[in-house]
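The values are calculated or read from the model by the stated rules, or taken from the named source; none is laboratory data. All of these numbers come straight from a predicted model, not from anything done at the bench. Heads up, the Cβs are rebuilt from the backbone with ideal geometry, glycines too, and the neighbour counts pull from every protein chain shown.
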Amino acid sequence: MGSTIVLGYDGSACANAALTAAVESAKAHGDGIVVAFGAGAHAVGEDSDQRNLAHTMGRDWAEEAISAIRAQGVEDARASSWMRVRPRRCSRWRASATRA
């Protein structure tokens, strides 16, 4: 049974390169991939426009990444927010990228 790769993804070229590396490793080792997105949003309230936009962007990018991962043959792919991703011994490695 494989472990889990945590992939930080924001839709950028760097994130796509990290996605490619994560898929190659997952296929080689039988790992799953968790796509994570995090954004700084000032605490203006539970239902602030900025918070909602960050949530929407994260969801859209996660869906894009999961679709690309599954298209390359890794079925064990899911999404999570950075706040829900906890370091665990089962994680092989973490790949992340940000826009330059």
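Taking segment 14-30 as the range and being under 16 Å from Gly2 (Cβ atoms), exposed (fewer than 14 other Cβ atoms within 10 Å of the Cβ) and within 14 Å of the chain's Cα centre (by Cα) as the test, no residue passes. Against the numbered list (1) modelled with pLDDT of 75 or more; (2) surrounded by fewer than 16 Cβ atoms within 10 Å (Cβ to Cβ); (3) acidic (Asp, Glu); (4) not in a helix (DSSP H, G or I), Asp10 comes up short only at (2).
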